[in-house]
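Structure first, commentary second.
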Amino acid sequence: MIESLEIIYQDEYMVAVNKPHGLLVHRTKLATEADEFALQILRDQLKQKVYPVHRIDRKTSGILLFALDQETEKLLNALFAAQAIKKEYLAIVRGYIPDDGTIDYPLKKENGRLQEAVTHYKTLSRTEIDVPLGQHATSRYSLVEVKPETGRMHQIRKHLAHINYPIIGDRPHGCNKQNKLFKERWEMDKMMLHASKMQLQHPINRREITIEAKISEEFQRTLKFLTFEGVDILETKIS
């Protein structure tokens, strides 16, 4: 039972929290078994109404932004719609992904209609461990910084899977063999995708704001047992 959320930014107009893996933003018909939601937890924590202005997946951890009044909600929604808010994510993926790149690949909505979708990425670190899987004698992974230009449903997950570097712990877009390996060998079944940074111009006072969220303990543990080089530097950067 989650009693409170980690608040990483707050003023009189908006508040940002560091959402843990597995927590839904709000009630949905797609997950009727859930009984905890970030919206209700934060409302009870602050003892006031809050308004979510964007979504991150249930399986994704990291920055979740709320408005504290309807006027700010409207202004923030407009900023997101205009792609004026810059977002950064961290992901652990299967394989040695290229140093950097852009994935420009349209994604389908639920009604089947295609939407433009663009994701930029940069590799921060790579690792190879002596764990065989399938025909491979070792296992390779990359830690990637991801910057989505558009904001489509499951965009980062689908885009990285599209170029054959799926996110560890992702279902259904990831690699089932890898997910099984992580579950059985390391008891790790969380999706390794974290909303780490958000930059925006404050909708009321126009100040430039940067919000950062430290990675979860499970993400930190995964970095360590995969023995990423330079992990101490990365911990400092994102904690």
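Here are the numbers for this structure:
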quantity	calculated
Shape category assigned to the chain from the gyration tensor of Cα positions, a/c cut at 1.5	prolate
Dipole-positive endmost among 9, 181, 129 within the chain (Cβ charges, Cα centre)	181
For the stretch 139-154, Karplus couplings with θ = phi - 60° (6.51, -1.76, 1.60), whole Hz, Gly/Pro x	10, 10, 9, 10, 9, 10, 9, 10, 10, x, 7, 10, x, 8, 4, 6
Mean separation of Cα contacts under 8 Å (6+ apart) over length of the chain, as relative contact order %	19
Amide H within-cut-off set for residue 193, under 5 Å, with H built and near neighbours excluded	61
Which listed pairs, of 108/180; 87/214; 49/74; 108/158; 197/224, have C-alpha distances above 18 Å, in listed order	108/180; 197/224
The chain, helix-only ellipticity at 222 nm - DSSP H runs n ≥ 4, -39,500 (n - 2.57), divided by all residues, nearest 500	-7000 deg cm²/dmol
Size of electric dipole in the stretch 129-239: Cβ of Lys, Arg +1 and of Asp, Glu -1, about Cα centre, debye, nearest 20	400
Listed pairs 47/190; 59/86; 86/177 exceeding 23 Å between Cα atoms	47/190; 86/177
Choice from 194, 136, 21 with maximal GNM fluctuation in the chain (Cα, 10 Å cutoff)	136
Net dipole in debye of the chain [+1 Lys, Arg Cβ; -1 Asp, Glu Cβ; about Cα centre; nearest 20]	700
Positive minus negative residues near residue 123 (Lys, Arg vs Asp, Glu; Cβ under 9 Å)	-1
The stretch 18-155, Rg to Rh (Cα coordinates; Rh as Kirkwood inverse mean 1/r)	1.03
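Throughout, read-outs are computed from the coordinates displayed, never taken from laboratory work. The structure displayed is predicted, hence computed values, not measured ones. Ideal geometry is used to build each Cβ from the backbone, glycine not excepted, and the neighbour counts take in all protein chains shown.
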